[in-house]
Amino acid sequence: MFSASANDRPDRNNHFLGITPGEGLVVVVLLFGTHLASYYNYLLFHAAAELFSVLIAGTIAIIAINCWGTVRNQYVLFIGISYLFVGFIDILHTLAYKGMPVFKDYDYYAPQLWIAARYLESISMLIGLSLLGSNRRVNLHWSMAGYSLVTAWLVASIFYYKNFPVCFVAGQGLTDFKVFSEYIICSIMLGNIALLYWRRQYFTSNVYRLLSGSAILMIGMELCFTLYFSDSMSDAFNQIGHLLKIGTFYLMYKAVIVTAFRDPMDLLFREISQKEAELEARVIERTAQLSEAEFRLKFALEGSGSAVWDWNLTDNTVFFSHQWKAMLGFADDEIGNGLDEWEMRVHPEDKAETIALVEAYLADKTTGYRSEHRVQCKDGSYKWILDRGIVVSRSDDGKPLRMIGTHTDISKRKETELQLSQNEKLFHAICDTSPLAIYMSAGLEQEAAYINPAFTRLFGYTISDIPSIAAWWPKAYPDPAYRQEVRDEWQRRVAEAIESKSEIEPMEVVVTARSGEKKNIIWRFVSIGEQNWAFGLDLTARKQAEDEVRQHRDHLEAMVSERTMALLLAKEAAEAANRAKSTFLATMSHELRTPLNGILGMTELAQRQATDAKQIDYLNKARKAANNLLAIIKDVLDLSRIEAERLKLEMNEFALADVIGNVSDLMHGLALGKHLELHIDISPEVAHQSLQGDPQRLGQILTNLIGNAIKFTDKGRVSLRVQRIDETPSGIQLRFEVADTGIGIAAENQARLFNAFEQLDGSLARKFGGSGLGLAISKRLVHMMRGEIGVVSEIGVGSTFWFTIRLPRSDVVATPTISAPPTTRAQLKAGHAGACVLVVEDEPDNQDITRGLLEEAGLVVDVANDGAKAVDMAGQKRYDLILMDVQMAGMDGLEATRLIRQASANPSVPIVALTANVSLDIEMLCRAAGMDDFIGRPVESETLLSSVMKWLEVPALAE
């Protein structure tokens, strides 16, 4: 015999579930750590969660088997054996998970193994609970043999025979079998919980709560595994389910191992042997108490454990059991003993009918009292209650004196009935409105059970016309020979379906309608239990159309030919549109940059000659505005190149120190102008490490981020931090962080930051300016460098923009590059005064600007208004350098360059393209034509003079 009550002995501590705060903290840290692993690698997370469960299962099995000779509790021994095999299947589940390099022939063994393990676990728990209070002994060897056979059969059906039902289909998600199995397992666990409740007297209160909590968590776990759908099986519900599994096995561990084996007197299912004298004394003591409760106990047992009420009709008082009150959310002292306590809580719409049923029973008009009505709970909600009762005591004249009954919560059943009713209505609505002709028959005689309106419209028959399949055949196929042909084909397809265990193949036939009209029908057949469904699709119109198509085949071929020609023309038009887009971008680039070149050049020349402070201020503002416009044009063109996948990253050797130094020099003035501190944090070994990549584009990203930080920061500092986060022999991964103490960005706006032309706030756009392209371009450039970019920000605190890139190492030792000295004009005048430069340019303003800059540097300048003039002048005079515009009226710069290279006095003179069209195509065309360098307009004077000095020194270097 087992102990009679969990309260016979006090729990060992007052902690909830016997879990100390320290243990609880360890569990929380374990769950959180496992969760964090999912962000790094979901396979790592899955393996950790599953191995924890396997460890617990193995521990339970080892202890149970080793205690076989000393522990009499059959449930502990049985559970120990079952968990050994559950753990084994869970190990296979872990190894078979998609992405693990073990079972590579199929990606979705894991869901099948999961279902097999959970069936084994839940059924074993149910069988084990049934052993409580039994004298049956569990035979270790037979139990091990039985579980081995079952486990081997499950594993073989999955891996060898492959007849275990599929649980997951790529691109579709969970199969019906997988979801239905999860619900079955949940139902089994509900049965375990109910059985656990009925046998709670065998447990201490802590053990009972631990086992109940473990079962509840397992139900939640199984429900989670009905919701994920990702092919990688790494959805949020999949992750939550595995975390719940850790909790499930931990509570089982506490119940079976720590609690049950820490103190043999507090075993999970305590087996106590009490003395006969004590038992007899207890029986005598309880006899008096049980006599009054005899009827209540008997009826409660017959009422399947429902809440009990006991109505004394003589004084109209009612005893409401603890379960009755708890069902409605009340404590024992919150409900009195009056009949009004029940009447006042019955739903107003149900009260009259319910009272009428009670009165009818008391008046002997019915054989029993049974009512389904709604009762109000403490929180104001209503529950559906099944209320049943019987009279257990009457007076000598037959008048009822006492009535006992039960309340059973049937809210879920009512919800299910409502859902079934709605589903049935929906199903009938779908069938009734379906354009398919639907016929359903059932039973051995295949009698007609349903015909939808489309069937009647199509064939003219109602269900009374064809009450069975036998009545349908001669009406649908009146010609005996054709009917036999159809029947033979039907029987052949049925036989094939039975042999292959598959569905019956669709069958196309000619059906005669009631009107005599012939219908071309394709039938599809589905069997659900004893019901056979036939779905007919009318192909008559399609067949007629096919006949018409055959009759007009020649005409159709002509139409196809015509259409083919139209498609070719459309293709050519699309290609022309694409070329037009490229031409438009090139033209717009040229047409916008050309006047900008004039504005910037004239402004710079005017600045050098201006002496009035106000005039200088005006010129500075004009130059700043022109540079802002130039930046926007560059951004638009960069974005269009990236989107067209025409922007290519260069692979040059460089050191981060050079890139960051240039950016720092460029941004230092902006920060100083707003009284901000610009801080650079980079270790020397990272700064001077030799790398390969595109330093110009990296500098562009940093300039965008630091420029934005300075723009939106009024006080404090802007800092750039560079970290090495990964390193291999072939490359290095870097993380850049640009932090500011500016206005910050709201969380709901952060996702829009990297969209092209995106401005978060119109007022900010007016205050700070900008086109909204910088971050969009930066994001695309970072992705091209195999990196990621993001932001962390808080309103009023500031923002940190970060990005990572991976760059290969360079075998060349990086040396710091030296930017063009600020005295390039002086160097030209000192070293190359008198050098002769031919400027080929058709815009007068650009001629004046270029001539002015070069003559100030001491150079002799000749100007050609077009390509033909340039060829003529190059054939008559030797030049030290030619600056060639590309797009000019008449002969363009490309043709002029080719002619100068072929035959002139300057076949090897350096020729530098100077053009407002900066597209990659134009640059490639320039170099193909024989030009040595490429400068895009508008061009800074320092950039132009540096290039001129570079190419004037080439002959000297050659000599």
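The values are calculated or read from the model by the stated rules, or taken from the named source; none is laboratory data. All values derive from a computational prediction rather than experimental measurement. Here the Cβ is made from the backbone with ideal geometry for all residues, glycine too, and neighbour counts use every protein chain on show. Please note that ligands, DNA and RNA were not included when accessible areas were found on the heavy atoms of the full protein model with its side chains. Shrake-Rupley method; radii C 1.70, N 1.55, O 1.52, S 1.80 Å.
Brief remarks follow.
- Viscosity 1.567 mPa s, 4 °C: Kirkwood-radius Stokes-Einstein D of the stretch 126-202 over Cα pairs, µm²/s: 83 µm²/s
- Residues Ile680 and Asn620, FRET efficiency given R0 of 22 Å [Cβ-Cβ distance, rounded to 0.05]: 0.20
- Were the residues from Leu672 through Arg898 laid out at 0.36 nm apart, the gain over their Cα-Cα distance would be 76.5 nm.
- For the stretch 664-712, the equivalent ellipsoid built from the Cα gyration tensor has semi-axes of 23, 14, 8 Å, listed from largest to smallest.
- Positive-end residue, the stretch 648-808 charge dipole about Cα centroid, Cβ charges, pick of Thr804, Ile682, Ala671: Ala671
- For the stretch 21-263, a simple Cβ point-charge model (Lys and Arg +1, Asp and Glu -1, everything else neutral) yields a dipole of about 780 debye relative to the Cα centre.
- Rounded FRET efficiency, nearest 0.05, which uses the C-beta distance separating Leu339 from Thr433 and R0 of 56 Å: 0.65
- Rounded if a/c under 1.5, otherwise prolate or oblate - the stretch 648-808, Cα gyration tensor axes: prolate
- For Ser393, distant residues with modelled amide H under 5 Å away: Leu401, Arg402
- For trypsin sites (Lys or Arg not before Pro), the sites in the stretch 643-717 that DSSP calls loop and that have at most 11 other Cβ atoms within 10 Å are Lys648, Lys715.
- Length gained on full extension, Val549 to Arg724, computed as 0.36 nm times the residue gap minus the Cα-Cα distance: 56.1 nm.
- Ordering Ser157, Phe177, Trp198 by Cα displacement along the dipole of the stretch 120-229 toward the positive end leaves Trp198 in first place; charges were set at the Cβ atoms of Lys, Arg (+1) and Asp, Glu (-1).
- Candidates Val138, Phe32, Ile219 compared by Cα position along the dipole of the stretch 21-263: farthest toward the positive end lies Val138, with charges placed on Cβ.
- Modelled spin-label separation between Glu485 and Ala47, with each label point placed 7 Å from Cα along the Cα-to-Cβ direction: 6.5 nm.
- Charged neighbours of Ala448, selected by a Cβ distance under 15 Å, balance to -3 (K, R count +1; D, E count -1).
- If R0 equals 56 Å, the separation of the Cβ atoms of Met784 and Trp142 corresponds to a calculated FRET efficiency of about 0.25.
- Surface share of carbon and sulfur [accessible, 1.4 angstrom probe, percent] for the stretch 97-183: 65 percent
- Rounded to whole numbers, the Karplus 3J(HN,Hα) couplings from phi for the stretch 349-360 are 6, 9, 4, 4, 5, 5, 5, 4, 5, 5, 5, 5 Hz, using 6.51 cos²θ - 1.76 cosθ + 1.60 with θ = phi - 60°, and x at Gly and Pro.
- At q = 0.10, 0.20 Å⁻¹, base-10 log of I(q)/I(0) for the stretch 824-953 (Debye sum, equal scatterers on each alpha carbon): -0.26, -1.15
- Length gained when the stretch Ile355-Ala606 is fully extended (0.36 nm per residue, less Cα-Cα span): 80.0 nm
- When you work out D = kT/(6 pi eta Rh) for the stretch 21-263 at 10 °C and 1.306 mPa s, using the Kirkwood radius from C-alpha pairs as Rh and the Stokes-Einstein form, the result is 86 µm²/s.
- Estimated dipole of the stretch 824-953 in Debye, rounded to 20 [Cβ of Lys and Arg +1, of Asp and Glu -1, Cα centre]: 480 debye
- Zone of Glu445's modelled label, taken as backbone nitrogen in the stretch 468-512 under 14 Å from a point 7 Å along Cα→Cβ: 468-472
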